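Q: What follows is a structure written as structure tokens; I'll ask about it next.
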Amino acid sequence: MKWLKNNLLSFFCCGFLIFLMFHISSISSHLVHIITPSSKVITQSVSNYAKQDSFIFVQNINSFVPYSKGDLKNIFYTIVNSGWNHFTFYCPMEYYQCVTDMKAFSQDQDLLTHINNFVHPYHSFSNIQTTLSESGEITISINYLYSKEQIEAIETEVDRVLKQEIQNGTSTYDKIKIMHDYIINHTKYDVSRNENGSSHYLSYLAYGPLFQGYATCNGYTDLMAIILSKFNIPNYKIATTPDTMKEEEGHVWNALYLDGEWLHLDLTWDDPVSRDGKDYLQHKYFLINNEELHEADQGEVTVNEHLFKPNIYIEFR
């Protein structure tokens, strides 16, 4: 009997050690949650350029306690949309996969690019650093694309142009058309940056078309988005990424809500690069719906640059 008790005790101890070996990570993480007191999230003042609109894919939130991947996405959007440089929040004990999900989220560059399109251009980020701890503390550090000096210059010049070009009583539709035409008439597509990856101009920012007369699709779209926001028109940018296109590079254009409908607006394709060197102004991609966008892309050459993801830009689904 004594021999049996000793063997049962040894068997139990071995089994317990094996259990610990396979579950030590989750146990330690659980203990950390129990031992570490819950930390309070400290919010900051929101930037003047933070959008108040919520979209189907991303929404502004007030609670920074995540319980799902969707919560993590909305927390991330709210942080960037608010213009915060640093922000720390914490995973609750109930959300065991929180750190793992956040790690995967922070490494998904395509998803981050799409989320970036829903914020004001001044809050577009150039890069983001995510610091994760096993205790569930998550810190987001953001470097924004536009400098304070660039924003001040762009704001001053845009206000000057709007005062010059827009008359009192002008309809919203006509305001958009006037500024669509103004940007194209004062801008050339930056072929050098597109072909060589380098340029003398800040054509990938709204600064390029506004002050230097050159833009890539990013520059056209950012400048138009800034103007649309000044008109208090709900808008965001739509991006195609290499996984949705046959080409290696993506494309970006404007989406806006007007008269109860979401519409496309692509200044890049309305300012074509001509073989004869002349400047052309088109309205082929001016305030069109999905069906009209598809028709505009069919011609002698089929355009593949507007193959966007309907599960992200859901307003167009």
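Q: So what's the net charge close to ILE75: Lys and Arg +1, Asp and Glu -1, counting the other residues with Cβ under 13 Å from its Cβ?
A: Net of charged neighbours comes to 0.
Q: How big is the accessible area of TYR280 in square angstrom, nearest 10, if you roll a 1.4 angstrom probe over the protein chains?
A: The accessible area comes out at roughly 90 Å².
Q: With a probe of 1.4 Å, find how much accessible area the range 170-250 has per residue, and write the answer as a whole number in Å².
A: Using a 1.4 Å probe on heavy atoms only, each residue of the range 170-250 averages 44 Å².
Q: For the peptides 132-141, 229-238, what is the packing order when you average, over each peptide's residues, the other Cβ atoms within 10 Å and list the highest mean first?
A: 229-238, 132-141
Q: Label-point separation (nm) for ASN48 and HIS294, each offset 7 Å from Cα along Cα-to-Cβ?
A: It is 4.4 nm.
Q: Residue-wise, which Karplus ³J(HN,Hα) couplings in Hz belong to the range 81-97, taking 6.51 cos²θ - 1.76 cosθ + 1.60, θ = phi - 60°, and x for glycine or proline?
A: Ordered by residue, 3J(HN,Hα) equals 4, 7, x, 7, 7, 9, 8, 10, 9, 9, 7, x, 4, 5, 9, 5, 8 Hz.
Q: Enumerate the amide H contacts of TYR214 below 5 Å, restricted to partners 5 or more residues apart or on another chain; note that Pro and chain-start residues carry no placed amide H.
A: Close amide H contacts, sequence-distant or interchain: LYS188.
Q: Let me ask another. For LEU258, enumerate residues with amide H under 5 Å from its amide H, sequence gap 5+ or separate chain, H modeled in the peptide plane.
A: LEU263
Q: With the full set of protein chains in place, find how many percent of the accessible area of the range 121-273 is carbon and sulfur; take the probe as 1.4 Å.
A: 44 percent
Q: Could I ask something else about it? What list of ³J(HN,Hα) values in whole Hz, one per residue of the range 117-132 in order, does the Karplus curve 6.51 cos²θ - 1.76 cosθ + 1.60 (θ = phi - 60°) give from phi, with Gly and Pro shown as x?
A: Coupling constants for the range 117-132: 6, 8, 9, 4, x, 5, 9, 5, 9, 8, 7, 9, 10, 10, 10, 10 Hz.
Q: Shifting gears a bit: If you roll a 1.4 angstrom probe over the protein chains with everything in place, what fraction of the accessible area of the range 47-91 belongs to carbon and sulfur, to the nearest %?
A: Answer for the range 47-91: carbon and sulfur cover 46 percent of the accessible area.
Q: Each label point is 7 Å from the Cα along the Cα-to-Cβ direction; what then is the distance between the points at THR113 and GLU94, in nm?
A: 3.6 nm
Q: Restricting to DSSP loop positions (anything but H, G, I, E, B) with no more than 14 other Cβ atoms inside 10 Å of their own Cβ, which trypsin sites (Lys or Arg not before Pro) remain in the range 252-297?
A: Answer in residue order: ARG275, LYS278.
Q: Another question about this same structure. With each label point set 7 Å from Cα along the Cα-Cβ vector, what nm distance links PHE105 and LYS230?
A: A separation of 3.5 nm, rounded to one decimal place.
The values are calculated or read from the model by the stated rules, or taken from the named source; none is laboratory data. Computed from a predicted structure; not experimentally measured. Reconstructed Cβ throughout: ideal geometry from the backbone, glycine too, with neighbour counts over all protein chains shown. The accessibility values were calculated without ligands, DNA or RNA, using every heavy atom of the protein model including side chains. Shrake-Rupley method; radii C 1.70, N 1.55, O 1.52, S 1.80 Å.
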